[in-house]
1. Enumerate the amide H contacts of Met326 below 5 Å, restricted to partners 5 or more residues apart or on another chain; note that Pro and chain-start residues carry no placed amide H.
2. Using the Karplus equation 6.51 cos²θ - 1.76 cosθ + 1.60 (θ = phi - 60°), what ³J(HN,Hα) coupling, rounded to whole Hz, does each residue of the range 164-172 give in order, writing x for Gly and Pro?
3. Along Cα→Cβ, 7 Å out, is where each label goes; now give me the distance between the ones at Arg21 and Asp79 in nm to one decimal.
4. Take the Cβ-Cβ distance between Gln425 and Glu179 as r, set R0 to 22 Å, and report the resulting FRET efficiency rounded to the nearest 0.05.
5. Please list, in chain and number order, the residues 5+ apart from Arg9 or on another chain whose amide H is under 5 Å from its amide H, with Hs placed from the backbone.
6. Amide H to amide H under 5 Å from Leu4: which residues, 5+ apart in sequence or cross-chain, H placed 1.01 Å off N in plane?
7. Please give the FRET efficiency for Leu226 paired with His342, using the beta carbon to beta carbon distance and R0 = 22 Å, rounded to the nearest 0.05.
8. In whole Hz, what ³J(HN,Hα) sequence does the range 340-353 give by Karplus (6.51, -1.76, 1.60; θ = phi - 60°), x for Gly and Pro?
Amino acid sequence: MPTLLSTKRHISSELDRFGARPIVWDPEKQRAEIAASAAWAASQAVNSSNNHQHPKPIVVGLSIRGCCDITTLQGPIADEAWDKRTTGRLEDLAQYQQGVDTDDASESQSSPPSAHRGRRRRRCRKLSLPEMVHPMAHVKIEVSLQATDKEEDNGSRRTIRFHWNALDALTEWAQAHAEIPLPHNDDEDDDESNDNNSNSRKADTTKVLTILKTKDAQLWKEKRRLLVQQQQQQQAAAATTQEEESLPDAVLHYDWSFSTPYLGTTSTPNNNSNLFTWHSLPTSGLNMSLLTDQSVPILYFDDITLMEDDLHDNGQVQYSIKIRVMPTCAFVLTRLWLRVDHVLVRCRETRFLMDFTTTIAVGDSTTSAVPIPSIHRDVSWRECAWEHLAQHHLPSDLRTWQLLDQGLDTPEWQGVLKRIPAVPQLPAGIHAHAKWGANEQ
């Protein structure tokens, strides 16, 4: 079933030797989850009519150490219906939450439309999603806790889940727009970081998102104006005069590089986020020697792509996840790679290590403390303006970067990546080094 599994997945033949077992996913029994992708369902309908066969169960992960279930899926690209539905939900999250836009919104709800004639109308941010989003793609690690007596009776279990998926990544990207003001008209950029010299400045890394400009920014500005005018004309044709006055102006002012700050999603028992948290550390707690130990095999490996886009031929952006499971640990590397031609290169990585050789004790008011593997996380953000690439011994010609992008796992590319300078300061709330554990407050 190639549309569900990635092409780079590897499963060891030695699972039994190390007390691990495969996790089998049966599409026929879990159609509700599959229905999240209408494109996949439609393709299977065609295949079924041609082959008269039902989808077969597939191995999607492994269970290890008696407490950890690890699964991955790739899945197909989102269809138009999913894209339209999700865009609308994300636009609700992306509206600017400060200043005149919010005030205008409250006024429009309390005053009749006639009271606003001649005023500047409220502006509404519109979004566009990446060309290729994989809604079913995910990496998931579930850690079982000791069940209460009631849960043991009904067969349920308490788990902590570490999850990486496209929808959550895009949700955090959309939410970050709430701090970006909208321009008052199509000829302005309210965010001072987006003036004509914004791309040559030192990046303000205290901001999660900025609105980048391409080399052909003026051409895109004209295209944006035409798109907005076309949308307003369509609205005018479909609405009465009174209804039209209540409509907000649609503004295509958003982070089209899709530079989400997403580190992953953590779910705790009963969704009680106060029980556990990430604690900041002064230095890295990752025991990387576990990954270089060649005395034990790699039991499971996968390389998942959540989303990607060619930025309308202005570069490339991709959010990918690699996971490696060994008898001693589970390691996850997430990477957002961005190249905006003649503007900048950017790399945001998260390294997550679950160490099976050491444990921490966790518990809450309903369970006694139980040991689970220790968990650490490192976050690294790197970026460099195009005109500063040579200063860091990085290639400045576009062709070299395009060739490097075709081999993101090669030693040559890894060497280039390490030379991209780290941002001097991560945004508030993002720890460079952290460990996961009980909330001590």
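1. HN-HN under 5 Å from Met326: Leu299, Phe331.
2. Here the 3J(HN,Hα) series is 10, 8, 5, 5, 5, 4, 6, 5, 5 Hz.
3. 3.6
4. On the way: r = 16 Å, r/R0 = 0.75.
My answer for the efficiency is 0.85.
5. When sequence neighbours closer than 5 places are left aside, the close amide H contacts are Asp303.
6. Counting only residues 5 or more places away or on other chains, the set is Gly75.
7. Step by step, r from the Cβ atoms, then E = 0.40.
8. Rounded to whole hertz, the list is 10, 4, 6, 10, 6, 10, 9, 9, 10, 10, 10, 10, 10, 10.
Here, each number is a calculation from the coordinates, and none is a lab measurement. Note that the coordinates shown come from a computational prediction; the quantities given were computed from them, not determined experimentally. Glycine gets a Cβ as well: all are built from the backbone with ideal geometry, and neighbour counts include every protein chain shown.
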